[in-house]
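One structure is given below, encoded as structure tokens.
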Amino acid sequence: MSQWGMGEDNTIINKGGGIVECRICGLNYLPELEEDRERHEREHLNVLAGGIPYEVREFMKQAAWEVLDNEDLRETSQRLERAKRTLAFAYWSRAISNSIPENELKPYMADTLAWLDAIGAGDQVEVDRKAER
Ligand SMILES: [Zn+2]
């Protein structure tokens, strides 16, 4: 038995005043408004296309930056590499949300990983050069 009760939609939190929060995409909206329902539908299409909801993306970035910024958390080179990949995917997901074509995956990732490698190596010149993102 969940806190939402039998048969209720556990992906929706009632915020009162007709406003609901979607637990999938994080959007707060008024289901009674067609405009809001359409916006919500677009959010989910974005998720289906590989987009990650904003707050999830920010959480991923925060956790991964902590590993990249703190040598004590790196433990192994594999963990550092995973932190870089997590960041690369978080940035890629934002790019997808901004309608960057999927066929740009490799150049985009190559550029992002080079930037993260420079940060991991403490190469300030290279970091500044690639900071225009
Ligand atoms: Zn949603």
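The values are calculated or read from the model by the stated rules, or taken from the named source; none is laboratory data. None of these values were measured; they are calculated from a predicted model. For neighbour counting, all protein chains shown are included, and Cβ atoms are generated from backbone atoms with ideal geometry for every residue, glycine included.
Summary table
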item	result
Of residues in region 26-43 being in contact with a strand residue (DSSP E or B) (Cβ under 6 Å, 6 or more places away or on another chain) and assigned to a helix (DSSP H, G or I), the one nearest to the ligand (Cβ to nearest atom)	His40
Tally of residues being more than 19 Å from the chain's Cα centre (by Cα) and not in a helix (DSSP H, G or I) across region 97-121	0
Test for Gly18: is it on the phi > 0 side of the Ramachandran plot and either touching a Leu at 6+ places or on another chain (Cβ under 9 Å) or β-branched (Val, Ile, Thr) (or both)	yes
For Glu43: the one exception among (1) closer than 23 Å to Cys22 by Cβ; (2) outside the structural domain of Glu21 (by TED's automatic domain parsing); (3) among the charged types (D, E, K, R)	(2)
Only listed residue being assigned by TED's automatic domain parsing to the domain that holds Thr112, at positive phi and more than 17 Å from the chain's Cα centre (by Cα), chosen from Glu75, Glu81, Glu71	Glu75
Test: residue in region 79-91 that is surrounded by 17 or more Cβ atoms within 10 Å (Cβ to Cβ), within 16 Å of the ligand (Cβ to nearest atom) and under 26 Å from Pro101 (Cα atoms)	no
Filter pass, Asn46 being modelled with pLDDT under 95, more than 15 Å from the ligand (Cβ to nearest atom) and not basic (Lys, Arg)	no
